[in-house]
1. Among the residues that make up segment 121-138, is at least one of them of a type in the set (V, I, T), over 16 Å from I174 (Cβ atoms) and surrounded by fewer than 16 Cβ atoms within 10 Å (Cβ to Cβ)?
2. Which condition breaks for A160 when tested against (1) among the small types (G, A, S); (2) within 20 Å of the chain's Cα centre (by Cα); (3) surrounded by 21 or more Cβ atoms within 10 Å (Cβ to Cβ)?
3. If we keep just the residues of segment 77-92 that are more than 10 Å from the chain's Cα centre (by Cα) and either without any contact (Cβ under 8 Å) to a residue 60 or more places away in the chain or assigned to a strand (DSSP E or B) (or both), which is farthest from I154 (Cα to Cα)?
4. Would it be correct to say that R210 is surrounded by 19 or more Cβ atoms within 10 Å (Cβ to Cβ) and either at positive phi or basic (K, R) (or both)?
5. Within segment 173-190, track down each residue that is more than 18 Å from H128 (Cβ to Cβ) and in a strand (DSSP E or B).
Amino acid sequence: MNAAGLTVISANGLREVIKDTKADYEATAGRKLDVSIVETGEIRRRVLAGEAYDAIVVPRAVADAFAQAGKLAPGGAVPLICIGFGLAVAANKPKPDVGTPEALKRTLLAARTVLITDPRNGGISGVHFMEVLNALGIAEAMKEKLKPAPGNAIHAARVAAGEADLAVQAEHEIRSVPDAAFLPYPPAFDRPMVMVGVVGAACRDPKAARHYLDFLAGPAAAAAYRAHHLTRA
């Protein structure tokens, strides 16, 4: 590989797509990728603190904050995926009612254990879930039931194995577990999120970074999105 490498930092939503397509991109572009996958909150902390990355993959709202802080190169964002969030239950058990806020409230209060991505690390599904609990007025009542875990943990698999009653996670992560079933939030709490790719302000080769983001958005990566139940933006 003769071309200079690219540093890439991404939130967890694109983890598997980046992993599955990395070797193909490196082979065809002749450019090495140095990839970090961490929680959105950690990306925000690093970028705003001045750490430099060539390509950054984050929720659109975070990309907008980076742009306002002068941390992005000109050129706009590349839309990549749209992620929905909800609850995981074991596929072989009766599905609880979560179709309305009141039904969701009853189901959550009846649960013994709920797995969530730790909101203290800025994991989007965990942060959103805490907002839902506050809106339902049950954040305090749920405190002892919640079991936070890192964002790369497959909570739905633990639910399918009987280790917890419910898990809060991204839709594609739940659908990727064969023995788990996905339950969407009621419409009042539905907050689909678009993840985008952007070029960092300190990038020495913005054209190369944009080429990689266009690769992720293009047909060469399509099979990876399908394999991991992801919806392209």
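1. The answer is no, given that none of the residues of segment 121-138 is of a type in the set (V, I, T), over 16 Å from I174 (Cβ atoms) and surrounded by fewer than 16 Cβ atoms within 10 Å (Cβ to Cβ).
2. The single condition A160 does not satisfy is (2).
3. Filtering segment 77-92 for residues more than 10 Å from the chain's Cα centre (by Cα) gives 77-80, 86-92.
From what is left, the residues that are either without any contact (Cβ under 8 Å) to a residue 60 or more places away in the chain or assigned to a strand (DSSP E or B) (or both) are 78-80, 86-90.
Working: V78: 27, P79: 25, L80: 22, G86: 14, L87: 13, A88: 11, V89: 13, A90: 13 Å.
Only one residue fits best here, namely V78.
4. Numbers: surrounded by 19 or more Cβ atoms within 10 Å (Cβ to Cβ): yes; either at positive phi or basic (K, R) (or both): yes.
When the stated conditions are applied, R210 passes them.
5. If the condition is that a residue be more than 18 Å from H128 (Cβ to Cβ) and in a strand (DSSP E or B), then A180, A181 are the ones that fit.
Every read-out reported here was derived from the displayed coordinates using simple, explicitly stated rules and does not represent laboratory data. Quick caveat: nothing in here was measured; it's all calculated off a predicted structure. Cβ: placed from backbone, ideal geometry, glycine included. Neighbour counts: every protein chain shown.
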